[in-house]
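Colleague: Encoded as structure tokens, here's the structure I'll be asking about.
The values are calculated or read from the model by the stated rules, or taken from the named source; none is laboratory data. Everything quoted here is computed from the prediction, not taken from an experiment. Cβ: placed from backbone, ideal geometry, glycine included. Neighbour counts: every protein chain shown. What goes into the accessible areas is simple: the full protein's heavy atoms, side chains included, and nothing from ligands, DNA or RNA. Shrake-Rupley method; radii C 1.70, N 1.55, O 1.52, S 1.80 Å.
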Amino acid sequence: MTTARRLSAQEVVLSGLTRGQAGGVVVLHLCQRKPLGAFGAFLVLALIFSAALAPVVAPFDPLEQFSGKAFRPPGGEFLLGTDYAGRDMLSRLIWGARISLMVGIIAVTIGTGFGTLLGLVSGFWGGRFDLGVQRVIDAMQAFPGLVLNLAIVASLGKSTENVMIAVGITMIAGATRIVRSAVLSTRENQYIEAARAVGCRDSRILLWHVLPNVMAPILIIATVGLGSAILAESSLSFLGMGSQPPNPSWGLMLSGSGRANMISSPWLAIFPGLAISLTVMGFNLLGDALRDLWDPRLRGSR
Amino acid sequence: MREYIIRRVLLMFPTLFGVTLAVFILMHLAPGDVVMAKLSEDYVTQEHIDRMRAELGLDKPLYEQYLFWVTNVLRGDLGTSLWSATPVRDELARRIPVSAELAILSMAVSIAIALPLGVLSAIRQDTVADYVGRFLSISALSAPNFWLGTLILVLPAIWFGWAPPVRYVPLTQDPWMNLQQVLPAALALGAHSSAVVMRMSRSTLLEVLRQDYVRTAWAKGLSERVVVVRHALKNALIPVITIWGSQLSHLLGGTVVMETIFSLPGVGLATFQAIERRDFVQLQGNVLFIAGVFVVMNLLVDLTYSWLDPRIRYR
């Protein structure tokens with residue numbers, strides 16, 4: 001059965017416009033229909049922007065210690081103040097975006113990469129392999145996320161790289177579950193049967209017929225996953241189990257030793273937390289909007 | 001129902017087996033084993049190392065070590081802490097009440113804040129109250145719990161010069177002092193669940209309020225309180241409880257963070273300290289315990305749903 005794709009009002013309008021104008025209309029359309037999603041996209045873009053252009057936009061070196069200028073309040077020479085070592089907070093926050101985004105991207109690549117592979121294979125072939133994978137996933141999901149992260153980091157050692165690995169591994173289970181269930185429902189479609197009937201090999205069916213149809217949930221878990229990976233990195237760094245000083249990791253900037261300083265200089269406690277919150281909020285809002293737009297089945301699930 | 005319970009309980013065992021395997025593998029991934037970690041400070045001879053390995057059974061093949069460990073675990077023996085040389089089990093037992101109090105209190109706090117806000121947001125949809133409630137919940141969803149914890153410690157100190165007592169006092173000894181310590185931690189820990197519950201209760205209540213039987217209740221001339229509480233809320237509660245139960249992972253992981261920030265001597269703090277001290281035996285025991293609690297609690301939560309909503313059993 002071929003379903004004729006209905007043109008949306010948006011596409012009809014777009015047909016008469018140049019590409020540049022059309023892009024503008026799409027953005028406008030998104031802003032109107034999903035204002036929160038657009039706000040999320042804006043926050044995410046801001047993060048990517050500061051991560052990519054950190055050397056250009058940061059006013060100072062994030063590690064440079066200005067002697068005699070510790071604990072400067074926000075305003076004046078240092079827009080967001082300085083920390084106990086006289087380092088510029090704004091520059092540290094901007095460079096911190098780089099660490100966060102890098103950890104997020106690599107962890108999500110590991111997590112959704114393996115998750116997609118396992119989910120595709122176990123959902124498509126089923127049988128004993130699927131059963132085995134399911135039990136492994138069950139065992140992995142039997143640990144609260146942070147506890148599994150801590151256990152992995154404890155045995156691999158504390159470093160930013162190991163945090164990426166730990167967070168990535170922890171994400172595999174959830175990703176596998178979601179991809180697998182999407183594959184299970186896709187597998188029953190007639191076009192799969194048709195592909196089989198014309199003699200396609202399994203690998204071709206998986207790559208060309210199943211994978212494109214489970215792309216939406218994969219992209220959604222990747223988007224939301226970026227937010228939670230960044231959150232996990234900052235939690236681990238906060239506990240001293242992730243990025244090590246003097247790295248300008250947001251979680252590390254909030255970590256325990258400086259709490260007395262935070263009472264006398266509250267900006268030290270407020271700005272890094274705001275940076276993490278806005279980033280996580282950005283990915284959450286964007287993920288929610290994508291879920292509503294692309295995949296009504298997952299609506300409301302988290 | 002009975003069949004469902006039996007099936008779910010039986011399914012728990014392969015998971016628990018996988019958990020022990022995962023914990024064992026994780027703890028043996030560490031570069032350098034327990035003995036090296038323990039002896040790293042002192043000057044030691046190879047002979048010394050070998051003897052200690054033999055004592056701890058580390059010279060045996062891995063599968064034998066695993067079997068040995070699992071048999072002991074089944075007997076309730078989790079080994080001896082490398083750091084304090086006391087049984088891991090005793091250390092755990094001492095710390096469980098602290099974590100349990102924190103977890104229960106934060107669950108209670110979260111529902112106590114979230115449910116009224118969610119209801120208010122739903123029955124006053126698109127008013128200022130609704131917007132404020134939704135803004136609060138989106139913020140609380142995004143704010144990391146360790147940041148909220150830090151703010152709860154820092155802000156009152158700045159504004160009122162108040163800080164929670166530093167030395168932990170058990171609930172049984174001085175409830176007031178104890179609550180001053182645990183309640184701030186529970187607030188910070190419960191904020192996330194609170195936001196999730198609030199969003200869920202708002203959206204399900206909105207859905208239920210549009211049902212025909214609610215219109216009938218209005219038409220009968222019942223007061224708003226009766227319509228909302230007795231007719232609508234009751235039916236909106238099942239998904240709310242479901243999502244409340246799904247917060248367990250966040251809650252158990254969060255105890256590690258909160259106990260570290262507020263220096264509450266619970267299982268979470270012990271886990272953190274075990275990593276710092278490279279006390280792999282204690283860490284292994286704690287992680288196993290937390291995962292075990294998580295599995296059992298998840299089962300209980302699932303059984304509760306199926307009891308509340310019989311449709312779930314036939315999925």
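Colleague: Only residues that are closer than 17 Å to A:Gly251 by Cβ and not charged (D, E, K, R): list them for the range A:85-97, please. Can you show your working first?
Modeller: First, the residues of the range A:85-97 that are closer than 17 Å to A:Gly251 by Cβ: A:87, A:89, A:92-97.
Within the range A:85-97, A:Met89, A:Leu93, A:Ile94, A:Trp95, A:Gly96, A:Ala97 qualify.
Colleague: A follow-up question, please. Taking the range B:160-191 as the search range and keeping residues that are modelled with pLDDT of 90 or more and within 13 Å of chain A (Cβ to nearest Cβ), which one is nearest to B:Leu248 (Cα to Cα)?
Modeller: This residue is B:Leu189.
Colleague: Condition test on B:Ala270, is it closer than 20 Å to A:Lys158 by Cβ, small (Gly, Ala, Ser), away from chain A (no Cβ under 11 Å) and surrounded by 22 or more Cβ atoms within 10 Å (Cβ to Cβ)?
Modeller: So B:Ala270 fits the description; yes.
Colleague: Right, next: Do we have any residue at all in the range A:225-241 that's within 21 Å of the chain's Cα centre (by Cα), modelled with pLDDT of 90 or more and within 30 Å of A:Glu188 (Cα to Cα)?
Modeller: yes
Colleague: Conditions first: (1) small (Gly, Ala, Ser); (2) open to solvent by less than 10 Å² (accessible area, probe 1.4 Å); (3) more than 19 Å from the chain's Cα centre (by Cα). A:Gly115 passes all but one, so which condition is the exception?
Modeller: (3)
Colleague: I'd like to check something: does the range A:94-105 contain any residue that is closer than 30 Å to A:Asp130 by Cα and open to solvent by 20 Å² or more (accessible area, probe 1.4 Å)?
Modeller: Yes, the range A:94-105 has at least one match.
Colleague: As an exercise: evaluate B:Ala37 against (1) open to solvent by less than 60 Å² (accessible area, probe 1.4 Å); (2) within 14 Å of another protein chain (Cβ to nearest Cβ); (3) at pLDDT 85 or above and give the number of the one condition it does not meet.
Modeller: So the condition that B:Ala37 fails would be (3).
Colleague: While we're on this one: Just to be sure before I move on: is B:Glu276 out of contact with any Phe, Trp or Tyr (no Cβ under 9 Å at 6 or more places or on another chain), of a type in the set (D, E, K, R), within 9 Å of another protein chain (Cβ to nearest Cβ) and open to solvent by 30 Å² or more (accessible area, probe 1.4 Å) in the structure I sent? Can you show your working first?
Modeller: Numbers: out of contact with any Phe, Trp or Tyr (no Cβ under 9 Å at 6 or more places or on another chain): yes; of a type in the set (D, E, K, R): yes; within 9 Å of another protein chain (Cβ to nearest Cβ): yes; open to solvent by 30 Å² or more (accessible area, probe 1.4 Å): yes.
So B:Glu276 passes the test.
Colleague: The conditions are (1) within 17 Å of the chain's Cα centre (by Cα); (2) open to solvent by 20 Å² or more (accessible area, probe 1.4 Å); (3) away from chain A (no Cβ under 11 Å), and B:Lys234 fails exactly one of them. Which is it?
Modeller: Answer for B:Lys234: the failing condition is (1).
The rows are residues; the columns are (1) open to solvent by 50 Å² or more (accessible area, probe 1.4 Å); (2) part of a helix (DSSP H, G or I); (3) at pLDDT below 90.
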site	(1), (2), (3)
B:Arg94	yes, yes, no
B:Ala112	yes, yes, no
B:Gly118	no, yes, no
B:Phe135	yes, yes, yes
B:Gly149	no, yes, no
B:Leu153	no, yes, yes
B:Pro156	no, yes, yes
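Colleague: Now for a separate question. For the range A:230-273, what are the residues that are within 9 Å of another protein chain (Cβ to nearest Cβ), without any contact (Cβ under 8 Å) to a residue 60 or more places away in the chain, closer than 20 Å to A:Leu150 by Cα and open to solvent by 10 Å² or more (accessible area, probe 1.4 Å)?
Modeller: A:Leu231, A:Phe238, A:Ser255, A:Gly256
Colleague: Say whether the condition of being part of a helix (DSSP H, G or I), among the basic types (Lys, Arg) and open to solvent by 50 Å² or more (accessible area, probe 1.4 Å) is met by at least one residue in the range A:281-298.
Modeller: Within the range A:281-298, one or more residues are part of a helix (DSSP H, G or I), among the basic types (Lys, Arg) and open to solvent by 50 Å² or more (accessible area, probe 1.4 Å).
Colleague: Given the structure, is A:Ile276 within 14 Å of another protein chain (Cβ to nearest Cβ), over 30 Å from A:Ser122 (Cβ atoms), under 22 Å from the mean Cα position of the chain (by Cα) and crowded, with 18+ Cβ neighbours inside 10 Å? Talk me through it step by step, then tell me what you get.
Modeller: Details: within 14 Å of another protein chain (Cβ to nearest Cβ): yes; over 30 Å from A:Ser122 (Cβ atoms): yes; under 22 Å from the mean Cα position of the chain (by Cα): yes; crowded, with 18+ Cβ neighbours inside 10 Å: yes.
Judged against the criteria, A:Ile276 is a match.
Colleague: Let me ask something else. Just to be sure before I move on: is B:Ala103 buried (at least 20 other Cβ atoms within 10 Å of the Cβ) and either more than 20 Å from the chain's Cα centre (by Cα) or in a helix (DSSP H, G or I) (or both) in the structure I sent? Talk me through it step by step, then tell me what you get.
Modeller: Numbers: buried (at least 20 other Cβ atoms within 10 Å of the Cβ): yes; either more than 20 Å from the chain's Cα centre (by Cα) or in a helix (DSSP H, G or I) (or both): yes.
So B:Ala103 fits the description; yes.
Colleague: Sticking with this one: Looking at this structure, is A:Phe143 at pLDDT 90 or above, aromatic (Phe, Trp, Tyr) and open to solvent by 20 Å² or more (accessible area, probe 1.4 Å)?
Modeller: In short, no.
Colleague: Given the criteria without any contact (Cβ under 8 Å) to a residue 40 or more places away in the chain, open to solvent by 50 Å² or more (accessible area, probe 1.4 Å) and not small (Gly, Ala, Ser), does B:Leu74 qualify?
Modeller: Considered against the rule, which asks whether it is without any contact (Cβ under 8 Å) to a residue 40 or more places away in the chain, open to solvent by 50 Å² or more (accessible area, probe 1.4 Å) and not small (Gly, Ala, Ser), B:Leu74 comes out as yes.
Colleague: Check A:Ser203, A:Ser181 and return the single one that is out of contact with any helix residue (DSSP H, G or I) (no Cβ under 6 Å at 6 or more places or on another chain), more than 20 Å from A:Gly104 (Cα to Cα), touching a residue at least 40 places away in the same chain (Cβ under 8 Å) and open to solvent by 30 Å² or more (accessible area, probe 1.4 Å).
Modeller: Details: A:Ser203 fails: touching a residue at least 40 places away in the same chain (Cβ under 8 Å).
Going through A:Ser203, A:Ser181 in turn, just one is out of contact with any helix residue (DSSP H, G or I) (no Cβ under 6 Å at 6 or more places or on another chain), more than 20 Å from A:Gly104 (Cα to Cα), touching a residue at least 40 places away in the same chain (Cβ under 8 Å) and open to solvent by 30 Å² or more (accessible area, probe 1.4 Å): A:Ser181.
Colleague: Need pairs with beta-carbon distance below 6 Å; first residue more than 10 Å from chain A (Cβ to nearest Cβ) and farther than 30 Å from A:Ser100 by Cα and within the range B:117-146, second of a type in the set (Asp, Glu) and surrounded by fewer than 23 Cβ atoms within 10 Å (Cβ to Cβ); sequence gap 6+ or separate chains.
Modeller: Short answer, once both residue conditions are applied: B:Ser121/B:Asp130; B:Arg124/B:Asp130.
Colleague: Inside the range A:103-208, counting only helices (runs of 4 or more DSSP H) that do not spill past its ends, which hold 2 or more residues that are farther than 23 Å from A:Gln244 by Cβ and away from every other protein chain (no Cβ under 11 Å)?
Modeller: A:127-141, A:160-187, A:190-197
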